Amino acid sequence: MVTSRVPSPIPNYQHIIIMNRLFFWWFLLLFTAAIAAEVSPITRIAFGSCANQSAPQPIWDAINKFDPQVFIWLGDNIYGDIRRPLKVIGKERNVGPWKNSPRFVPSTEEEMKLRYAKAKANPGYARLQRNAKVIGTWDDHDYGLNDAGKEFDRKVINQRLMLDFLDEPLDSPRRKQAGVYASYTYGPPNRKVKVIVLDTRYHRDPLRSDGSILGDTQWRWLEKELRASRSEITIIGSSVQVISNLSATTGPLFYMESWGRFPKERKRLFKLIADTKRNGVIFISGDVHFGEITRYDCSVGYPLYDVTSSGLVQSVEKVVPRPLRSIVRLLFWYTPSTMRVINDNCKFRSCTYGQQNFGAISIDWNANSVTIRLEIRDVNGLTVLGTNVSLTELQAQGANSLKDPTTKGKSQRYCTLEVELPGTTRYRLAVLVYFTIAVLAMALVGLIVGALLTITACVYKCKVD
Ligand SMILES: *[C@@H]1O[C@H](CO)[C@@H](O)[C@H](O)[C@H]1NC(C)=O
Ligand SMILES: *[C@@H]1O[C@H](CO)[C@@H](O)[C@H](O)[C@H]1NC(C)=O
Ligand SMILES: *[C@@H]1O[C@H](CO)[C@@H](O)[C@H](O)[C@H]1NC(C)=O
């Protein structure tokens, strides 16, 4: 018999082909989903602060043009509190050492909601929300009250409203903790960017106490975050400035909020970064209504940069009449600063920028040595401040090599604290202002005396005549 009935292998074979194809598509699907959702490296991050929801916000067009993958709010995301009109005299005085009533008062929950709704409905911001991951923290005015800290009694309600604004999921642990601090990690292995946003309000002790900014729980959390999984770049967002301590050179005229005003807490932050051996840390901050880039080389074994973008809407030059704006720039240039990065990329000589701006971080992962471009951009998207940093510069050099006082060169400039400046330099703004006031006062007195003398002389002459 030649015709034995051997079962044909063909159907099985086809079955295998079909299975293979299924697996192929299944893998392809998983692979692309993974790439699209998680694994593409972050190359563009934007951030900003101080956005008055009641004013026009043209800056969003420039931000959308930059096309960030992540946008980070650094506080004053809305102006939630009510600013009362300035009253120097009268029954309710809200300015000067003789003041007896507050200049700022908190809004009701309903009013806060309305203000957030207004901010969220801005078409430029809505577009950004569709195209980028929007994350962030708060500062005083969206926390609910100018310069407020842990004592503020509406913080629990306002935390909920802020997290609603950021579309935080209802079951998020962030809704159960005290404060809005959070961390995010983006990108594939070896190209990871971690973003930590701090809460500098919820647990903050009063100004001038040199107490705590973060509070115990947030400190423990931050230490865990800095010790946890490696990331090539770690961006720490703080609503108030970390490196610049401008108060040291603007006092006793006026003071700003900053980590510098809490020296013990600031030292603790630098020590934590050094102790956890976290490399590649870059700070971003807001609050001050102008933009600047600062660096401090003598804290953690590598330069710590702080890119301050403030004034998505509210900026210092906006509140002064146009002809006086160059005086504002002149004063910025005149006020000494030891940490500010001064280079050829600045639009103005002061290397600060007092008009509407946003922060832009661009990462080139493909360069020979990964480069990070730190910029402040204006309302047209043009660079007004900028510096390029190579990731290799942000690695601790060990043995405090940067601290060595015999090290000569560029880095030395960024090691002197503002308070270490000689008095004649440190207080030159105050001296200029007091001197101007004295001259004006003397001129006024001279005028009055002159007028009186003329009148007397005239009266005498008239009598004689
Ligand atoms: C916000 O903008 C509105 C409209 O321009 C203005 O009336 C208000 O004073 C601004 N708020 C602050 C805090 O400057
Ligand atoms: C910052 O300046 C303030 C005001 O002059 C001063 O009290 C504080 O010690 C300074 N902080 C640092 C870290 O230099
Ligand atoms: C910084 O890097 C960018 C590219 O990322 C380059 O176009 C620019 O010229 C660099 N600027 C400086 C001052 O090196």
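Every number in this text was worked out from the coordinates using simple rules, so none of it is lab data. Model, not experiment: these values are computed from the prediction. All Cβ positions, glycine included, derive from the backbone under ideal geometry; neighbour counts span all protein chains shown.
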So how do 147-160, 435-448 stack up, highest first, on mean other-Cβ count within 10 Å?
-> 147-160, 435-448
For the Cα atoms of the chain, what angle does the longest principal axis make with the long axis of helix 325-334, in degrees from 0 to 90, nearest 10?
-> 80
Taking the chain as the reference, fit the longest principal axis to its C-alpha atoms, fit the long axis of helix 215-227 to the helix C-alpha atoms, and give the angle between the two in degrees, 0 to 90, nearest 10.
-> 50
Cysteines without a disulfide-compatible neighbour (Cβ-Cβ under 4.7 Å), the chain | Cys50, Cys458, Cys462
Given the C-alpha centroids of region 342-380 and region 204-277, what is the distance between them in whole angstrom?
-> 23
Pull out a ≥ b ≥ c, the square roots of the eigenvalues of the alpha-carbon gyration tensor of region 38-422, then state rounded if a/c is under 1.5, prolate if not and a/b is larger than b/c, and oblate in the remaining case.
-> rounded
Shape of region 144-230 from its Cα gyration tensor (a ≥ b ≥ c, root eigenvalues): rounded if a/c is under 1.5, otherwise prolate when a/b > b/c, or oblate?
-> oblate
Helix-only [θ] at 222 nm, the chain, -39500 (n - 2.57) per DSSP H run of 4+, per residue, nearest 500, equals -10000 deg cm²/dmol
List the trypsin sites (Lys or Arg not before Pro) in region 173-219 that DSSP assigns to loop (not H, G, I, E or B) and whose Cβ has at most 14 other Cβ atoms within 10 Å. Which are they?
-> Lys176, Arg208
Descending packing, highest mean Cβ count within 10 Å first, for 181-189, 254-262, 98-106 is 254-262, 181-189, 98-106
Among Thr294, Pro323, Ile342 the positive-end extreme of the charge dipole of region 38-422 (Cβ point charges) = Pro323
Compare the peptides 279-285, 50-56 by average per-residue count of other Cβ atoms within 10 angstrom and give them in order, highest first.
-> 279-285, 50-56
Calculate the dipole size of the chain relative to its Cα centre from +1 charges on Lys and Arg beta carbons and -1 charges on Asp and Glu beta carbons; express the result in debye to the nearest 20.
-> 220
Against the longest principal axis of the chain, how steep is helix 109-121, in degrees 0 to 90 to the nearest 10, with axes from Cα atoms?
-> 70
Could you size up the charge dipole of region 278-405 around its Cα centre, putting +1 on the beta carbon of Lys and Arg and -1 on that of Asp and Glu, and report it in debye to the nearest 20?
-> 380
